[in-house]
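Nothing in this text is a laboratory measurement; each read-out follows from the coordinates by a stated rule. None of these values were measured; they are calculated from a predicted model. All Cβ positions, even for glycine, are placed from backbone atoms using ideal geometry, and neighbour counts span all protein chains on display.
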Amino acid sequence: MPPANRIHIGESSSTLGDINTIPLDSLYPDNMASRINNMHTTKPQSLNLMKKLFETKPLTSDKYGFFVQPDTGRRVTLQGINMDASSKLPKIPLTTSYSSPDDCHFWDKADDVSFVGRPFSLDEAREHFLRIKLWGYNTIRYIITWEAIEHKGPGIYDTEFLDYSAKILKIIEDIGGLYVFIDPHQDVWSRFTGGSGAPLWTLYAAGFEPRSFPYNQAAFLHNTYPDPENYPKMVWPSNYGRLAAQTMFTMFFLGKKYLPNCIINGKNIQDYLQEHFINAIACFMQYVKDNVPELLNTVVLGVETMNEPNAGHYAIADLNAIPPTMRLRVDTTPTPIQSMRLGMGIPQEVETWKITMFGPKKSGTRYIDPEGHLAWVTSDYADKKYGFIRDPNWKLGTCIFAQNGIWDTESGELLKSNFFENDPITGEKLSHSQFNDNEFVYHWSKFREKMRQVDSKMYLILQGQVMAIPPSLKGTSLIDERTVSAIHYYDGASLMFKTWNRKFNVDTLGVLRGKYANPIFGIVFGENNIRKSIRSQFAQLREDSAVALGEEIPAIVTETGMPFDMDDKIAYKNNDYSSQESANDALKYALESNSLNSTYWCYDHDNSHRWGDRWNLEDFSLFSKDDISSKSYFDSSSALDKQSMKPSEYGTSTVGDIVEFDADTLNSLSIAGTSGNKSKVKSIANTKIRELVDSEGETETDSEIDTGSVDKTLGDLMSGTRIAKAIIRPFPVLINGTVKFCEFSIKDTKFYLTIDTTDSGKLIKVKPDSKKEPVEPTIIFIPEIHFKAGSFAVDVDEGQTVLKHNAHAQYLEWFHEINCGEISMTIYNYPQDSDSESCNNFC
């Protein structure tokens, strides 16, 4: 008789997996806080199955740009989430974007903040990581900021934050099955300019006085807006076109060319800022390598460049006009020269704009009087505090652009309107599209050099300007086999209007790249065509990456997502999440159709209906505390379907051949029938399992699993998940071959997969009949929310399938031949009125 934890199907066999359990009643008392704490201090051994089914092994990539497990030759799909949006802001003092400056000591205590406790407490961490594992996700884009590391001052690193981060990463390793890459996040430079990222001292290094920004609109801050709940929708990105952020990115990327007199501590401001940023991120990565070396290149895959870099004033042809590349025009929209004048306290009449489906539209004008508040620091107190030594030609209290002859501060006259249009060294006329190839590449080369000093094997993820063609580095020494391309994509109409319009939408990528003479020509009609349009845009972004960097360079969509506060938050009142479900289904469809690796934006453990992700009124999180026990959990239109995750079939192993087990023990496994290539599932419901097989094949006769207790635990973990039907989907995790077609139909609850087995499977074994079979199977994640064990069928045209299933995970193993061309799989549910005997009817 074979060991109890193996099933023999014909001449092949497969392991049931680790079902190593302890009583869950004792681990999860009724009190939620105690239950969360226990999840940190004592890991339920039954969760080991999740770790074993997808072990985070070191990855390589092949000549087609796919991630590969080198020991098995299987290609790997990375599907995950950005975690955690709260990491943009300090934990101490507790800060949100709507906190009043007095309450959070916004400026006064900026040097003394702490991000220890971000993304969440150690006691909470296991709960949140297990939740995304239950979603089937295997990758985390782990958010940190420059400010979190170097907030105290230049070169002063917060080792307590580094140590805390290492502890969080160690918990991720302990849970298992989750890859991580580090995201040095920023939005419009810093939270002091309306976003997140850089520490306060960088603004003083640039000569700014951030406290004055609310008066002269050098930045439009949520923290200082008089009515924070009515902060204008999506106004925060407009800070890229306002004085503070626009100047900081000009200095960061263009300082040596355009601002040669900006010398601080013996270096041009460009090199000064870039070196501090790069060194801070290198410090983080070095700390990981030195203190938890076992994580690097196994759990922690690598690090990304600065999130969403901006070109500042690059290639602006006329400083007296709103740049045509600035398509996001919301509320007050000063021209660059108007921003400069306001920064010197000169009142301006500026245009106001609004977004329409056909592009930005002027809505009026507004008079702004800074009341004498300069955006530029007038005293040297900050220089003394931070140890800045400026070149004598850099005068404090005066606009740096005026100091470079662009305009006259006395008359307000613009003297050089096209100052940034031409390269001051070569005289070449510039275009905005050249930024990635020129200024970004300079930064990338410095970033790459420093990170390679930390570790030669970790992946470096290159992210240029959003939606722009990546830099042309194919075949150069600036990329290698450990380079990855980052892609960001957001549907402009859904993002700006916070609605899902099923009737018409716009080709966002085409409009941003100037494909259409008028945005009206980029309109797409009908939901089906909208879905196809988004799919095509993703395909274009992937193709751009392959052409610019090389086909062998993997790509990851490191950000994409949809807002949840659609239609003035009506779903929070009527519990109808159908718009959010459809919008996110369209995105997920586009990703899976293009076989793209991705990390969704976002997970925020502290999300609420009132304040969203607690940052600039964004509300993207796939989890919300306010959705716990809400009907929005499993179904956008019906009551909470608790049975969708009920572990009544705990420990079953079915599909392929029908396998039954006795309700009291797993030692009585038997093969009840065979179905050839038309595989169907049958499971036996049980209320308690008193004898389970551990990972070594031994039994624990004293262990008892009360499925009611397990169900309660899963409810705690899964509750709060929003639009689960759209964001929890089947997908191929490990593939012996190349995915040629992958699609999940949320409407029909059907999953289609076609893979090309040519040149697949590095390790094969030869059977007596000379057929070749991979040592390890293709693995497909099968979420129970769509496919409940005992209720679905699997059709394959080659090989056999085995279901791995317990209370926390459900995967399908597909044992098939390789080098046999294209093979396909379809997974679908039985009709609702089908009785249990139908499982025995094979055709």
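Evaluated at q = 0.19 Å⁻¹, a Debye calculation over the C-alpha positions of region 78-131 (equal weights, vacuum) places log10 I(q)/I(0) at -0.71. Between ASP369 and ASN265, the FRET efficiency from the beta-carbon distance, with R0 = 30 Å, is close to 0.25.
Extension gain for GLU527-HIS105 works out to 147.2 nm (0.36 nm per residue, less the C-alpha to C-alpha distance).
So which trypsin sites (Lys or Arg not before Pro) in region 427-465 pass both tests, a DSSP loop state and at most 14 other Cβ atoms within 10 Å of the Cβ? Write out the running numbers ahead of the final one.
Working: sites: LYS429, LYS446, ARG448, LYS450, ARG452, LYS457; in loops: LYS457.
For trypsin sites (Lys or Arg not before Pro) across region 427-465 that sit outside H, G, I, E and B with at most 14 neighbouring Cβ atoms in 10 Å, the list reads LYS457.
When both region 88-110 and region 536-608 are represented by their alpha-carbon centers, they are found 30 Å apart. Listed from fewest to most Cβ neighbours within 10 Å, the set THR721, THR202 follows the order THR721, THR202.
What's the FRET efficiency of ASP112 with THR378 using the Cβ-Cβ distance as r and R₀ = 35 Å, to the nearest 0.05? Provide the component values of the computation, followed by the final result.
Details: r = 24 Å, r/R0 = 0.69.
Calculated transfer efficiency: 0.90.
Using a/c under 1.5 as the rounded threshold, could you call region 507-604 rounded, prolate or oblate? The axes a ≥ b ≥ c are square roots of the C-alpha gyration tensor eigenvalues, and prolate needs a/b larger than b/c, oblate otherwise. Oblate.
Approximating the spin labels as points 7 Å out from Cα along Cα→Cβ, the TYR516-to-LYS429 distance works out to 2.7 nm. Largest first, the three principal axis extents of the alpha carbons in region 442-570 are 51, 33, 23 Å in whole numbers. Fewest neighbouring Cβ atoms within 10 Å first, the residues THR193, THR754 line up as THR754, THR193.
Judged by the gyration tensor of its Cα atoms, with axes a ≥ b ≥ c, region 173-302 is oblate; a/c meets the 1.5 cut and b/c is at least as large as a/b. Derived scalar couplings between HN and Hα for region 334-346 equal x, 6, x, 5, 5, 4, 5, 5, 4, x, 9, x, 8 Hz in order, rounded to whole Hz, by the Karplus curve 6.51 cos²θ - 1.76 cosθ + 1.60 (θ = phi - 60°), x for Gly and Pro.
Neighbour counts of C-beta atoms inside 10 Å place ILE168, ILE337, ILE556 in the sequence ILE168, ILE337, ILE556, starting with the fewest.
Each residue of region 336-410 gets 137 Å³ once the volume of the Cα convex hull is shared out per residue. If one computes the Cα centroid of region 378-443 and of region 729-750, what distance in Å separates the two points? Distance between centres, Cα-based: 51 Å. Close amide H pairs (under 5 Å, H built 1.01 Å from N) link SER114 with LYS91, ILE92, residues at least 5 positions away or on another chain. Using alpha carbons only, how many angstrom separate the centre of region 202-268 from the centre of region 781-798? Going from one Cα centre to the other spans 53 Å.
Taking the average, over residues, of other Cβ atoms within 10 Å as the packing measure, peptides 729-735, 784-790, 477-483 rank 729-735, 784-790, 477-483 from highest down. Shape summary of region 54-150, radius of gyration then Dmax from alpha carbon positions: 18.3, 57 Å. Computed 3J(HN,Hα) for region 251-267, one whole-Hz value per residue from the Karplus formula 6.51 cos²θ - 1.76 cosθ + 1.60 where θ = phi - 60°, is 5, 5, 9, 10, x, 5, 7, 9, 10, x, 7, 7, 10, 9, 6, x, 10, glycine and proline marked x.
The calculated FRET efficiency for ILE156 paired with ASP568, based on their beta-carbon distance and R0 = 51 Å, is about 0.70.
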